[in-house]
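Take a look at the structure set out below.
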Amino acid sequence: MQDTSRHPVGRPVSACLTAQVGSHDKWALLRDLTIAAEDFGLGHRPLSVLKALLSFWPERELPAEPGAAIVFPSNRALSERLSGMPESTLRRHLAALVRSGFVRRHDSANGKRFARRAGAQIGVAFGFDLSPLARAADALDQAVTEATLRRERIAVLRARLGMLRQRLLDTGAPEELLEAARLLLRRKCPEDVLAEIVSRLEAALPVEATTEITAPSAADSPQVSASNSQNERHIQESDRFYSDSVSTQPASDAPVDSSGPAEKDSDLTLPRIAETCREYRAFFPDAPKGWHELVAISHRLAPMMGVEPPVLHEAQRIMGPERAAATLLCLLERHADIRKPGAYLRRLTQRAKQGSFSVNSMLSALSRRADPGNCQLTI
């Protein structure tokens, strides 16, 4: 009894049994060639033309016997199937397919494409022979394997490149090397180029950063607060309230305090910053009513100035959110003289970590900007 409630799925068994020996699925061949197209010097446009040629072959199975898979569409028919591709462009891509060896011309005496029938069968046909594509099935399968492995290696190299660049942002690496890494992450590049820049970044890492990390013993592992059947909660980010004065944070969330004596003076106040720094008013006319508004303004100004989020977050961690916001407003005052504000802020963060940076000195220098001789920032 046949179940008529279900629609048949897949190809009938009879079609599989009648397939010729040595034939291959034409769409599977096209898929493999698309994956490994770079290895054969083919772009997406020649592949589109090849897909159109395969659509003129009536069977799904493509025979591998020479001359057994000839299609003879006219340029007009091909152009219509390719959504109106110009004939000059079509001829150029057909020539690329012939050069690649996956398509072979089987021309008539006058170069026309046509077929002559003998009864119900085609006696002779002149056009494009697609059988070389079927004969290249083994080479395509090997090329797909190699292309997949290459893409996986490139993905690993790009992940390592991003990780190394992020680590070198905190160690004062050469700006040219970091910029080259950033540009490579934004474009598609060969594997050898990625491997070279990764080697250069690894060589630029400090010695302590390249030491191998050993697995901690059971005695050194920290105790979690939950039971073994639960996961320790990880708090990535928390909202903090900033009062009108410099807030006192808990010891667990406090930034690294490595500032010098001048940085701890009480004259670093919000009114002084708002009075000294005026350039931000072109974007935010209203004066900030509290430290939390000043920090919010710095977050919005940073991408306008070309300061990347990791650089700003590191400055906030070392200096504190309020002092980092004040530093950013000071850099905005001299934005026309600073070629790379992100690198400048990163350098100031390193000096703050060493205890040799003072925001008060920058504000004092800016307060004397009416005198051209006293306009430079002092750090």
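The values are calculated or read from the model by the stated rules, or taken from the named source; none is laboratory data. Everything numeric here is computed off the predicted structure, so don't read it as measured data. Ideal geometry is used to build each Cβ from the backbone, glycine not excepted, and the neighbour counts take in all protein chains shown. Side chains are part of the model used for accessible areas, which takes the heavy atoms of the whole protein and leaves out ligands, DNA and RNA. Shrake-Rupley method; radii C 1.70, N 1.55, O 1.52, S 1.80 Å.
Only one of the numbered conditions (1) open to solvent by 70 Å² or more (accessible area, probe 1.4 Å); (2) within 36 Å of the chain's Cα centre (by Cα); (3) of a type in the set (Gly, Ala, Ser) is violated by ALA109, and that is (2). Beta carbons closer than 6 Å, at least 6 apart along the sequence or on distinct chains, pair a first residue in region 282-304 that is touching a residue at least 12 places away in the same chain (Cβ under 8 Å) and within 16 Å of ARG323 (Cα to Cα) with a second that is of a type in the set (Asp, Glu) and open to solvent by less than 60 Å² (accessible area, probe 1.4 Å) for TRP291/GLU322. Any residue in region 69-87 that is touching a Gly at 6+ places or on another chain (Cβ under 6 Å) and crowded, with 18+ Cβ neighbours inside 10 Å? There is at least one residue in region 69-87 that is touching a Gly at 6+ places or on another chain (Cβ under 6 Å) and crowded, with 18+ Cβ neighbours inside 10 Å. Looking at region 151-181 only, could you name the residues that are in a helix (DSSP H, G or I) and open to solvent by 70 Å² or more (accessible area, probe 1.4 Å)? Residues satisfying the conditions are ARG151, GLU152, ARG153, VAL156, ARG158, ARG160, MET163, GLN166, ARG167, GLU176.
For region 303-314, the criterion of being within 30 Å of MET163 (Cα to Cα), open to solvent by 20 Å² or more (accessible area, probe 1.4 Å) and of a type in the set (Asp, Glu) is met by at least one residue.
Every residue, every condition in (1) without any contact (Cβ under 8 Å) to a residue 60 or more places away in the chain; (2) among the polar types (S, T, N, Q), yes or no:
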position	(1), (2)
ALA28	yes, no
ALA52	yes, no
PRO63	no, no
ALA68	no, no
SER79	yes, yes
LEU90	yes, no
ALA109	yes, no
ALA115	yes, no
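With respect to (1) under 21 Å from ARG113 (Cβ atoms); (2) surrounded by 15 or more Cβ atoms within 10 Å (Cβ to Cβ); (3) modelled with pLDDT of 90 or more, the lone exception for ARG92 is condition (2).
Among the candidates ALA147, ALA203, the residue that is more than 23 Å from PRO310 (Cα to Cα) and either open to solvent by less than 20 Å² (accessible area, probe 1.4 Å) or without any contact (Cβ under 8 Å) to a residue 24 or more places away in the chain (or both) is uniquely ALA147.
The rows are residues; the columns are (1) assigned to a loop (DSSP other than H, G, I, E, B); (2) touching a helix residue (DSSP H, G or I) at 6+ places or on another chain (Cβ under 6 Å); (3) under 28 Å from ALA147 (Cβ atoms).
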| residue | (1), (2), (3) |
| --- | --- |
| SER48 | no, no, yes |
| ALA64 | yes, yes, yes |
| GLY67 | yes, no, no |
| ALA77 | no, no, no |
| SER88 | no, no, no |
| ALA95 | no, no, yes |
| PHE102 | yes, yes, yes |
| ALA109 | yes, no, no |
| ARG116 | no, no, no |
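Within region 50-62, the set of residues being of a type in the set (D, E, K, R) and assigned to a loop (DSSP other than H, G, I, E, B) comprises GLU59, ARG60.
For (1) touching a Lys or Arg at 6+ places or on another chain (Cβ under 9 Å); (2) within 30 Å of GLN354 (Cβ to Cβ); (3) modelled with pLDDT under 85, each residue gets a yes or a no:
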residue	(1), (2), (3)
ALA143	no, no, no
THR148	no, no, no
ARG165	yes, yes, yes
ILE197	no, yes, yes
GLU208	no, yes, yes
THR214	no, yes, yes
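For region 339-349, check the following and say yes or no: at least one residue is open to solvent by less than 40 Å² (accessible area, probe 1.4 Å), touching a residue at least 24 places away in the same chain (Cβ under 8 Å) and in contact with a Lys or Arg (Cβ under 8 Å, 6 or more places away or on another chain). No, region 339-349 contains no residue that is open to solvent by less than 40 Å² (accessible area, probe 1.4 Å), touching a residue at least 24 places away in the same chain (Cβ under 8 Å) and in contact with a Lys or Arg (Cβ under 8 Å, 6 or more places away or on another chain). Only one of the numbered conditions (1) open to solvent by 20 Å² or more (accessible area, probe 1.4 Å); (2) closer than 19 Å to ILE35 by Cα; (3) under 25 Å from the mean Cα position of the chain (by Cα) is not met by ARG135, and that is (3).
So that you can scan it fast, the table gives a plain yes or no per residue for (1) under 26 Å from the mean Cα position of the chain (by Cα); (2) farther than 13 Å from THR276 by Cβ; (3) assigned to a helix (DSSP H, G or I); (4) modelled with pLDDT under 85:
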{"site": "LYS289", "(1), (2), (3), (4)": "no, yes, no, yes"}
{"site": "HIS292", "(1), (2), (3), (4)": "no, yes, yes, yes"}
{"site": "MET304", "(1), (2), (3), (4)": "yes, yes, yes, yes"}
{"site": "LEU312", "(1), (2), (3), (4)": "yes, yes, yes, no"}
{"site": "CYS330", "(1), (2), (3), (4)": "no, no, yes, no"}
{"site": "ILE338", "(1), (2), (3), (4)": "no, yes, no, yes"}
{"site": "TYR344", "(1), (2), (3), (4)": "yes, yes, yes, no"}
{"site": "LEU363", "(1), (2), (3), (4)": "no, no, yes, yes"}
{"site": "ALA370", "(1), (2), (3), (4)": "no, no, no, yes"}
